[in-house]
1. Dipole size in debye (nearest 20) for the stretch 242-294 around its Cα centre, Lys and Arg Cβ +1, Asp and Glu Cβ -1?
2. Rounded to the nearest 500 deg cm²/dmol, what is the calculated helix-only ellipticity per residue at 222 nm for the chain, with -39500 (n - 2.57) per DSSP H run of length n ≥ 4?
3. So, by mean Cβ neighbours within 10 angstrom, what's the order for 359-366, 6-13 with the highest one leading?
4. Taking the Cα centre of the chain as origin, work out the dipole magnitude from +1 charges on Lys and Arg Cβ and -1 charges on Asp and Glu Cβ, in debye rounded to 20.
5. Using a 10 Å cut-off around each Cβ, can you sort M259, M1 from fewest to most neighbouring Cβ atoms?
6. Do the alpha carbons of any pairs in K216/K379; K83/K372; K64/K216 sit beyond 20 Å of each other, and which pairs?
7. Cα centroids of the stretch 5-35 and the stretch 317-360: how far apart, whole angstrom?
8. Would you mind ranking C319, C100 by Cβ crowding within 10 Å, fewest neighbours first?
Amino acid sequence: MRKEIRGYEAVRNAAKDFQTYSSDLLGDRDVRTYRQLPLEADPPRHTNFRSAVQPLFMSDAIAKHKDAFEAHAKSLIQAIDAKGGGEISSEFALPFVIGCLTIIYNRPQDYDEWLSWGPDVWTAEVHRRGAESASSETVHRERNFEMHSDRDGAVLQEYLDRVFDHAEQQVRTDPETQDVWDFISQIKIDDKPINRQEMQGIANVLLAGGRDTVIKLTTGLIWHLIGNPEDREFLAQNREWFNRTIAEMVRYLSPLPKMERVLAEDIHVADAERDTEKYVLLNFVSANYDRDIWPDADKIDLRRDRKPHLAFGLGRHSCMGMNITEHEVSALLTVLLDSWPNWVYATEPDIAWATDEDKDGNPIRFIDRFNKLNVKVAK
Ligand code: HEM
């Protein structure tokens, strides 16, 4: 059993203490051999890579896509309405998130390809073959850092080879026409161009980080709004509450429940020789369900007092995609509340629940994933 750090204060402290709990490790060891960047590095390497990619995540850079996000949400909602209903995670959340990423990264040509990978880039092959249930199971297992035979890095690798070969052969320097891979392939650190593995490491986190996390958040939000008309009414009248709503839903859903850290004494051991059983897990769910901070943590309360949750992490490695998440989900809320599509549950929501422990050993029950959220348009 790996050691887990639990509870609001302990997780906060450990997240800030990179000298004891280092991020200098290789994750997804079954499907890749290079580090995700800036995620899997400590300062100064971490700081260099984080600053280099920062322009992609600035609020202004994302806010300018508001109309495009809204138009995309609208067309997906209309498609569901046109057939009287549909399944939200696969027919709305996945295509919505993929569409927004193609807009932000200026890669509209990749929409169908990214969509074909499904909610998780590591199970793209299985998803393409149509084994949807296998892929959601795999996402669950990945979170628990178990290996699973359905996971494979080949689809992503073939894509990354192709796009970075192209970016290096047809160098585009005009920021108006550049896409995300042009930008990344031209990053320099200390005046030296980064190498191909480093490009892949950045690309990896850009494609994987904002995918199943935002899909879960989007699906969860729609699930909540359908079941709670009074919150829908409240938000329709109080749109300045969107970001607080997103914060409460992200706390409750904690889409990235745990992250690995390696103890400082082991960082000098080569990746292949490390005993990963000695890795420590920062348990973000236990922090977000700490009853000393939120006595009614199991409840979604959009109007609760504001206390910073840890679903986006904290400190140096805190989520760079928070602005992206907020802009995407605000666009969705705007469209949904401007004209509520009269969605009701078509069948009982099929939710997979997970259990964990808080810092005092008490059980925590939280949503692992939405298997199916079938809706229909009420007459
Ligand atoms: C609900 C949505 C999301 C959640 C819950 C989430 C959660 C997190 C968490 C907990 C971390 C910290 C990991 C650690 O401490 O080891 C993190 C880091 C990161 N996230 Fe997110 N994330 C979300 C969306 C996104 C999106 C949309 C993107 C970009 C497309 C993104 C990109 C990143 C990056 C680049 C990092 C690494 C930051 C660093 O190491 O300095 N995330 N995320």
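Rule-based calculations on the coordinates, nothing more; no lab input. This structure is a prediction, so every number in the text was calculated from the model and none was measured. Here the Cβ positions follow ideal geometry from the backbone for every residue, glycine too, while neighbour counts run over all protein chains shown.
1. On the way: 7 positive and 10 negative charges, 86 e Å.
So the dipole magnitude of the stretch 242-294 works out to roughly 420 debye.
2. Computed mean residue ellipticity for the chain: -13500 deg cm²/dmol.
3. Values: 359-366: 13.2, 6-13: 19.1.
Result, highest mean Cβ count within 10 Å first: 6-13, 359-366.
4. Numbers: 48 positive and 65 negative charges, 131 e Å.
So the magnitude is around 640 debye.
5. Details: M259 21, M1 4.
Lowest count first: M1, M259.
6. K216/K379; K64/K216
7. Spelled out, the Cα-based centre of one part sits 25 Å from the other.
8. Values: C319 19, C100 26.
Going from sparsest to densest Cβ surroundings: C319, C100.
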